[in-house]
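First comes the structure, then the notes that go with it.
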Amino acid sequence: MGGFFGAVGLEDVIADVFFGTDYHSHLGTKSAGMAAYDKEKGLQRNIHSLNNTAFRTKFEHVLSDMRGFAAIGSLNDTDPQPLLIRGSIGTYAICTVGIINNADMLINNYFSATGGHFGAMTGGKINTNELVAALINQKNDFVEGIRFAQDSIEGTAEIVILADGGRLIVARDKFGRLPMLIGRKETGFCVSFESFAYRKLGYEDERELGPGEIVEIDTDGIRVLSPALKKKRICAFLWSYYGYPNSDYEGVNVEVMRNRNGAILAQHDKDAGLAQDIDYVGGVPDSGTGHAIGYANRSGIPFARPYIKYTPTWSRSFMPQNQMDRNKIAKMKQVPVRDLIKDKKLLFVDDSIVRGTQLRETVAFLYQNGASAVHMRSACPPIMFGCKYLNFSRATSDMELLARRVIMDLEGEEGFNHVEEYADSSTERGQKLRRTICDNFHFSSLEFQSLDGLIEAIGIDPDCLCTYCWNGKE
């Protein structure tokens, strides 16, 4: 995934962009960078790998080394950014968030049309930001170029540009799958993925860009360069999982949505007479906590933390890149509270069940520490399709998804014609899916939030939500 923060002001904004970018550390752990514009120094850039370290430890020096009244920062799990680009429409820094599924085609088209070249990374891969810049630079100005880039890209691209001269040109992705918010304070403006990041820095909500909208921001204000498009499909997973609890998207707070979502799950269990004899409700992982609190409050069952993650030495930013090592570290971090586990009937609310790898380890760990029952609830429906719009929880094959694997085992490829039934707990296929996962993972019971329940918890027009990973509908 990835996140961004940019600012322009009457005063130096390096500190704001440093802290604002750092507040996006939950969205990217591979690399990060900052770029700034100063009248004397011009455009400056600083990029570091974040493998086994944190943003602040690699970038604290910029507070003294960089200066500028306009700057942008980015954290991501993909390519190093921002890049400095010099093209026919000017010199600028660019960072992006999203995924380009047709990159090879776009690169070949560029070669055919221009005879030009790209700087290649290890293995010959082209930096996504350089490809986006190449598309933009084929047109006469930023607006025409950004439109051309977003129309050409199959996937998603949010674009943040720091232009020479100190102005920001920012574009929300074409269908608004990701957020882009603008904050204001007396001395200037900022643009951010997460709203809480700028609120903590003294900015107030100005507005949220619409899908495909392009604006220019400088110390004089905000100018719309290209109006918002009508069709919006913001990712519903923002609220369920990867958005930060303090943030708002489309006017809906993440933590409030998660509390509401958990309450809907609890009411469903109560109405169906499921899992009523429970000692404690807990969340797994941390992003499941808000859902679990909502479940506990509605059900009247005490909320508890039967195990605590030890994060002082192994926070998320320090997770190793190797999957085997990641699984080992995830297991090491779980420290039990035995008095809350031994002989207890526990119910956990997970933000989502994707592959189920670490969840299997967690349940085994609870039984090893004396739990008498472990019930599991997923705060979203079964994930049936790998996301093709964002660089988030992407599977190399849909068969990596737990629900798809179970359907294949139960019915073969024919089962994929009935994914809607498998998602629905009231159908025979839906019940069989849940029983099979329970047997494989040793859950005492399992239930998923319904798509209707999830949409109710978010509380915005369903036509404005992207729910592709659950129902395959674009």
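The values are calculated or read from the model by the stated rules, or taken from the named source; none is laboratory data. Keep in mind that this is a model prediction, so the values were computed, not measured. Note: ideal-geometry Cβ built from the backbone for every residue, glycine included; neighbour counts use all protein chains shown.
Results, tabulated for the structure shown:
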quantity: Meets criteria (within 21 Å of the chain's Cα centre (by Cα), farther than 24 Å from residue 471 by Cα and without any contact (Cβ under 8 Å) to a residue 24 or more places away in the chain) for residue 256; calculated: yes
quantity: Only listed residue being buried (at least 18 other Cβ atoms within 10 Å of the Cβ), in contact with a Lys or Arg (Cβ under 7 Å, 6 or more places away or on another chain), at negative phi and aliphatic (A, V, I, L, M), chosen from 99, 94, 14, 85; calculated: 14
quantity: Filtered residues of the range 52-103 (kept if in contact with a strand residue (DSSP E or B) (Cβ under 7 Å, 6 or more places away or on another chain), charged (D, E, K, R) and either in a helix (DSSP H, G or I) or not assigned by TED's automatic domain parsing to the domain that holds residue 163 (or both)); calculated: 58
quantity: Tally, over the range 396-448, of residues that are acidic (Asp, Glu) and under 17 Å from residue 357 (Cα atoms); calculated: 3
quantity: Strands (runs of 3 or more DSSP E) within the range 163-245 that include 2 or more residues in contact with a Cys (Cβ under 9 Å, 6 or more places away or on another chain); calculated: 181-185
quantity: Checking residue 472 against (1) outside the structural domain of residue 276 (by TED's automatic domain parsing); (2) on the phi < 0 side of the Ramachandran plot, the condition it does not meet; calculated: (2)
quantity: Number of the exception - residue 381 against (1) closer than 18 Å to residue 474 by Cβ; (2) in contact with a Lys or Arg (Cβ under 8 Å, 6 or more places away or on another chain); (3) at pLDDT 95 or above; calculated: (2)
quantity: Residue check for residue 364: modelled with pLDDT of 80 or more, of a type in the set (A, V, I, L, M, F, W, C), surrounded by fewer than 19 Cβ atoms within 10 Å (Cβ to Cβ) and under 26 Å from residue 406 (Cα atoms); calculated: yes
quantity: Exclusive hit being touching a residue at least 60 places away in the same chain (Cβ under 8 Å) and touching an Asp or Glu at 6+ places or on another chain (Cβ under 6 Å), set 55, 69; calculated: 55
quantity: Test: residue 130 is crowded, with 22+ Cβ neighbours inside 10 Å, charged (D, E, K, R) and outside any loop (DSSP other than H, G, I, E, B); calculated: no
quantity: Flag for residue 193 being more than 20 Å from residue 88 (Cβ to Cβ), among the aromatic types (Phe, Trp, Tyr) and either surrounded by 20 or more Cβ atoms within 10 Å (Cβ to Cβ) or not assigned by TED's automatic domain parsing to the domain that holds residue 69 (or both); calculated: yes
quantity: Set 120, 113: member being at pLDDT below 90 and more than 27 Å from residue 75 (Cβ to Cβ); calculated: 113
quantity: Residue 159 being over 19 Å from residue 135 (Cβ atoms), in a strand (DSSP E or B) and of a type outside the set (Asp, Glu); calculated: no
quantity: Long-range neighbours under 8 Å by Cβ, at least six apart or interchain, first residue of a type in the set (Ser, Thr, Tyr) within the range 210-236, second assigned to a loop (DSSP other than H, G, I, E, B); calculated: 219/10; 219/69; 226/212; 226/213
quantity: Hits in the range 231-286 - residues which are of a type in the set (Gly, Ala, Ser) and under 26 Å from residue 206 (Cβ atoms); calculated: 236, 243, 247, 251
quantity: Positions within the range 287-308 being farther than 20 Å from residue 271 by Cα, small (Gly, Ala, Ser) and part of a helix (DSSP H, G or I), in sequence order; calculated: 287, 288, 290
quantity: Candidate set: the range 417-433, residues that are assigned to a helix (DSSP H, G or I) and free of Cβ contacts under 8 Å to residues at least 24 places away in the same chain; chosen: the one farthest from residue 447 (Cα to Cα); calculated: 417
quantity: Count - residues of the range 246-273 that are surrounded by fewer than 16 Cβ atoms within 10 Å (Cβ to Cβ) and under 21 Å from residue 381 (Cβ atoms); calculated: 4
quantity: Test: residue in the range 409-418 that is under 25 Å from the mean Cα position of the chain (by Cα) and surrounded by 18 or more Cβ atoms within 10 Å (Cβ to Cβ); calculated: no
quantity: Among the residues listed as 295, 280, the single one being farther than 23 Å from residue 465 by Cβ, aromatic (Phe, Trp, Tyr) and touching a Lys or Arg at 6+ places or on another chain (Cβ under 8 Å); calculated: 280
